Amino acid sequence: MNISINISSSIFQPENNPKYNLRSKFTFLSLLLFLLIPGLVFAGGSDLDMPWWGWGIILFLTTFIIGLFGVLAGIGGGVLFVPLVSSFFPFHIDFVRGAGLLIALGSSLAAAPTLLKKDLASLKLAIPVALIASAFSIVGAMIGLWLSSVNPAFIQGSLGVLILMIVVIMLMAKSSIYPVVKEGDYLAGLLGLSGTYKEGATGKEVRWTVHRTAIGLFCFVLVGVLAGMFGLGAGWANVPILNLLMGAPLKIAVATSSFSLSITDTTAAWVYLNKGAVLPIIVVPSIMGIMAGANIGARILPRVKPTLIRKMVIIVLLLAGVRSILKAFGI
Amino acid sequence: MTQLDYKNSSFQNTYAQILNWGSALGLICMLITFALYAFGILEPLVSFEKLPEYWSLPLSEYLEKSGAPAGWGWVENLSRGDYSNYIGIAILTSMTFVCYIGLFFDQIRQRKILITILVVIELVLFIVASSNLLFPVGH
C-alpha cells in the first residue's frame with residue numbers, strides 16, 4: 001500500500017491535550033521572535049554602528065533560532081541560514097556561503113553517528129549518492145565563486161530565485177512512508193542499495209531497497225551543483241529524490257540525506273577554505289548557535305504544533321528569497 | 001537480476017564511532033580557539049577594528065586589503081587568533097576522509113570491488129578539493 005501524506009504531518013503529530021493553548025502561545029511568541037531578529041538587523045542595515053562582538057552575538061542568537069526552527073520545521077539550518085544572513089547581515093555573500101556549508105556539515109556530523117547506529121542512515125545508499133553530489137559540489141563551488149567575482153548580484157539574485165523554488169517544493173512536496181518497490185533494479189543490486197531497519201513504534205524489522213536508481217543518482221548532479229554554488233544543505237532536494245523517486249522509506253530517506261551532507265559538503269567546504277572564504281567570526285558563532293538551537297528544538301519537538309511552524313518558516317523563506325532578489329537589483 | 005543483500009554495511013557502526021569522536025574533538029577545538037581569539041589572548045592576523053570594514057567586501061578584495069592568506073597559507077598562521085580556529089574547522093572537514101580510509105580497507109577485505117572503486121574516487125575528490133591543486137589560489 002502506498003501511503004502519501006505531507007512530510008510535516010508524517011513526522012510530527014500535533015498533540016491534542018489541555019496544555020495545547022499554552023504551547024500554541026509559546027509557538028506564536030517564538031515565531032514572532034524568529035521574524036523579529038532579522039527584521040531588526042534589516043532595519044539597522046549594514047551601516048549599523050556595532051562592534052564586531054555585537055554582530056557575533058546577534059549571529060549566535062539568529063542561528064540559535066534558525067537551528068531551533070530548522071528542526072521543528074523538518075528542514076536543515078543551511079537553507080535558512082544563507083538567504084537570511086546574506087540578506088540581513090553586512091557580511092559579503094562569499095563568506096556567508098562558506099559558513100553555510102560548514103554549518104550544514106557541522107549539523108550533519110552531529111546527527112550522523114546516531115542515525116548510522118540506529119540503521120536509519122544507510123552507508124550503502126550514501127556512498128554512490130554522496131559521490132555524485134560531492135563531485136558536482138566542487139563544480140558548484142567553483143561556479144559560485146566565479147560568478148560572485150564577476151558580479152555578486154548574479155549569485156544573490158540566483159539564490160533568491162532558488163529560495164522561491166524551494167518554497168514551492170516545500171508547499172507541494174508529498175512523501176510516502178513506505179513506498180512500494182516491488183523489486184530493486186539491476187543497478188540497485190549491483191551497488192547493494194538495500195538494507196534493514198527496526199521500526200521504533202512497532203519494533204518490526206523493515207527491509208527496503210530502491211528502484212529508478214540511474215535517474216535518481218543523475219538527479220544528485222543538480223543537487224551537488226546547487227549545494228556547492230549556494231552553500232546550502234540540500235535536504236530539501238535529497239529527501240524527495242530518495243523517497244518519492246527512488247522509493248526509499250521516508251525514515252531512510254531523511255536520515256541518509258542528513259548523513260550524506262557530511263560527505264557532500266566536505267568537498268565543497270574545502271574549496272571555500274582554500275579560497276580563503278571562511279571567516280571564523282561568522283563560522284564559529286553560527287555553528288555553535290545552530291547546534292544549540294537544533295538540540296533544544298529536538299527536545300521541544302513533541303510539544304509544539306509543527307504545521308504552523310512549517311508555514312511560518314515558508315513565509316520567512318519567501319521574504320528572504322524576495323529580499324535576495326531585491327538586493328541583487330540594488331534595492 | 002542481482003540478488004539483494006538486506007544486511008547493512010558491517011562498517012556502519014565503526015564509521016559512526018569515528019565520526020562521533022572526531023566531530024566532538026573538532027567542536028571542542030573550535031570552542032577553545034574561538035575563546036582564545038575573542039578574548040584577545042592570541043593576536044589575530046586581521047584586527048578586530050578592521051574586520052567590520054573587510055567582511056562586506058568581495059572575497060578577492062578582502063584578501064588583497066586584509067593580507068589574509070588563501071590556499072594552505074592558514075597553516076603558517078595557526079598561532080594567530082583568527083587562524084587558530086581553522087584547527088577545529090579542519091578537523092570537522094577531515095572526518096569524512098578518515099572514515100573513508102577505514103571504509104576503503106573494509107571493502108578491500110570484503111572484496112567488494114565496485115564499492116571499493118567508488119570509495120577510491122571519493123577519496124581522490126577529497127584530496128583534489130583540499131589540495132588546492134586544481135584551482136590554485138593564494139600562497
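Just one of (1) within 7 Å of chain A (Cβ to nearest Cβ); (2) modelled with pLDDT under 90; (3) over 25 Å from residue A:152 (Cα atoms) trips up residue B:71, so point out which.
(3)
I'm checking my understanding of the structure. Among residues of the range B:13-30 that are buried (at least 19 other Cβ atoms within 10 Å of the Cβ) and at the interface with chain A (Cβ under 7 Å from one of its Cβ atoms), which one is farthest from residue A:114 (Cα to Cα)?
B:30
Examine the range B:81-89 for a residue that is within 27 Å of residue A:259 (Cβ to Cβ), touching a residue at least 60 places away in the same chain (Cβ under 8 Å) and out of contact with any strand residue (DSSP E or B) (no Cβ under 6 Å at 6 or more places or on another chain), and state whether such a residue exists. First the steps, then the outcome.
So in the range B:81-89, the residues within 27 Å of residue A:259 (Cβ to Cβ) come out as B:85-89.
Okay, now just the ones that are also touching a residue at least 60 places away in the same chain (Cβ under 8 Å), so B:88-89.
Right, trim to out of contact with any strand residue (DSSP E or B) (no Cβ under 6 Å at 6 or more places or on another chain) and you get B:88-89.
Checked the range B:81-89: at least one residue is within 27 Å of residue A:259 (Cβ to Cβ), touching a residue at least 60 places away in the same chain (Cβ under 8 Å) and out of contact with any strand residue (DSSP E or B) (no Cβ under 6 Å at 6 or more places or on another chain).
Report the residue count in the range A:177-192 for those that are of a type in the set (Phe, Trp, Tyr) and within 25 Å of residue B:117 (Cβ to Cβ).
1
What about residue B:57, is it in contact with a Leu (Cβ under 6 Å, 6 or more places away or on another chain) and not in a helix (DSSP H, G or I)? Can you show your working first?
On the way: in contact with a Leu (Cβ under 6 Å, 6 or more places away or on another chain): no; not in a helix (DSSP H, G or I): yes.
When the stated conditions are applied, residue B:57 does not pass them.
If I go through the range B:54-68 residue by residue, how many of them are more than 10 Å from every other protein chain (Cβ to nearest Cβ) and at pLDDT below 90?
The qualifying residues number 1.
Please determine, by comparing only the residues of the range B:78-98 that are more than 9 Å from chain A (Cβ to nearest Cβ) and outside any helix (DSSP H, G or I), which one is surrounded by the most Cβ atoms within 10 Å (Cβ to Cβ).
The qualifying residue surrounded by the most Cβ atoms within 10 Å (Cβ to Cβ) is B:80.
Tell me, which residue of the range A:147-199 that is hydroxyl-bearing (Ser, Thr, Tyr) and facing chain B (nearest Cβ under 10 Å) is surrounded by the fewest Cβ atoms within 10 Å (Cβ to Cβ)?
Applying the first criterion (hydroxyl-bearing (Ser, Thr, Tyr)) to the range A:147-199 yields A:148-149, A:158, A:175-176, A:178, A:186, A:194, A:196-197.
Among the residues that remain, those that are also facing chain B (nearest Cβ under 10 Å) are: A:148-149, A:186, A:194, A:196-197.
Details: A:148: 22, A:149: 16, A:186: 11, A:194: 22, A:196: 13, A:197: 20.
Checked the range A:147-199; the qualifying residue surrounded by the fewest Cβ atoms within 10 Å (Cβ to Cβ) is A:186.
Within the range A:182-192, identify whether any single residue is within 30 Å of residue A:310 (Cβ to Cβ) and of a type in the set (A, V, I, L, M, F, W, C), and answer yes or no.
Within the range A:182-192 (the criterion being within 30 Å of residue A:310 (Cβ to Cβ) and of a type in the set (A, V, I, L, M, F, W, C)), the answer is no, since none of the residues qualifies.
Please work out which one of (1) more than 7 Å from every other protein chain (Cβ to nearest Cβ); (2) part of a loop (DSSP other than H, G, I, E, B); (3) out of contact with any Lys or Arg (no Cβ under 6 Å at 6 or more places or on another chain) is the condition residue B:48 fails and give its number.
(1)
Name every residue in the range A:135-146 that is under 16 Å from residue B:128 (Cα atoms), within 9 Å of chain B (Cβ to nearest Cβ) and at pLDDT below 90, in order of residue number.
A:137, A:138, A:141, A:142
The values are calculated or read from the model by the stated rules, or taken from the named source; none is laboratory data. If you're wondering where the values come from, they're calculated on a predicted model, not measured in any experiment. When we count neighbours, we look across all protein chains shown, and the Cβ atoms used for this are built from the backbone with ideal geometry, even at glycine.
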